[in-house]
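Heads up: the structure comes next, in structure tokens.
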Amino acid sequence: MNMTKSQLITLLSEKSPAFMEDDVAIAVQTILDSISRTLENGNRVEIRGFGSFGLNYRSSRKGRNPKSGDPVLVPPKFAPHFKAGKELKIRADLPRSI
């Protein structure tokens with residue numbers, strides 16, 4: 001099952017009834033914006049027990065246009081990357097019923 005941002009906000013506001021759902025939405029958006037801004041500045045974000053967000057450099061390479069098959073040069077870029085922390089890896093490795 002996937003969880004959307006709105007589902008996360010609803011879940012958090014249900015678990016913390018002292019906070020209005022609008023306040024929780026602002027908090028979640030602030031966290032996501034802070035992570036994005038930090039990555040835009042070329043830095044990494046580490047949340048202990050959860051994981052770290054960083055950027056991976058991808059050098060230029062030769063690719064192909066899928067319509068025409070013509071070769072194209074794909075420019076170098078930085079791609080966001082998430083690495084799960086130890087505690088998250090342990091929690092995610094629990095057996096599930098399929």
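Descriptive notes on the structure:
- Net charge over other residues, Cβ less than 12 angstrom from the Cβ of Ser13 (K, R count +1; D, E count -1): -3
- Each other residue within a Cβ distance under 12 Å of Gly85 adds +1 if Lys or Arg and -1 if Asp or Glu, for a net charge of +3.
- Selected from Gly63, Gly85, Gly54 as most flexible by GNM, with the chain as the system and alpha-carbon contacts under 10 Å: Gly63
- Couplings 3J(HN,Hα) of region 16-21, computed from phi: 10, x, 5, 10, 6, 4 Hz, in residue order, whole Hz [Karplus 6.51 cos²θ - 1.76 cosθ + 1.60, θ = phi - 60°; x for Gly and Pro].
- Residues Ile35, Ile9, sorted so that the one with the fewest Cβ neighbours within 10 Å comes first: Ile35, Ile9
- Computed over the chain with a Gaussian network model linking Cα atoms closer than 10 Å, the most mobile of Pro76, Pro17, Pro66 is Pro66.
- Over the chain, dividing the summed -39,500 (n - 2.57) contributions of all DSSP H runs of at least 4 residues by the number of residues returns a 222 nm mean residue ellipticity of -12000 deg cm²/dmol.
- Calculated from backbone phi, Karplus (6.51, -1.76, 1.60) coupling profile of region 64-74 in Hz, x at Gly/Pro: 10, 5, x, 7, 9, x, 5, x, 9, 8, 8
- Lys/Arg +1, Asp/Glu -1 at C-beta; the chain dipole; positive extreme among Gly63, Phe78, Leu39: Gly63
- For Cα extents along the principal axes in Å, computed directly from the structure shown, the correct entry in (1) 58, 37, 29; (2) 45, 27, 17; (3) 38, 33, 24 is (1).
- Taking amide H as placed 1.01 Å from N in the peptide plane, the amide H of Gly51 sits under 5 Å from that of Gly85, each at least 5 places away or on another chain.
Each value in this text was obtained by applying a stated rule to the coordinates, not by laboratory testing. Keep in mind it's a predicted model, so treat the numbers as computed, not measured. Positions of Cβ are backbone-derived with ideal geometry, glycine not excepted, and every protein chain shown enters the neighbour counts.
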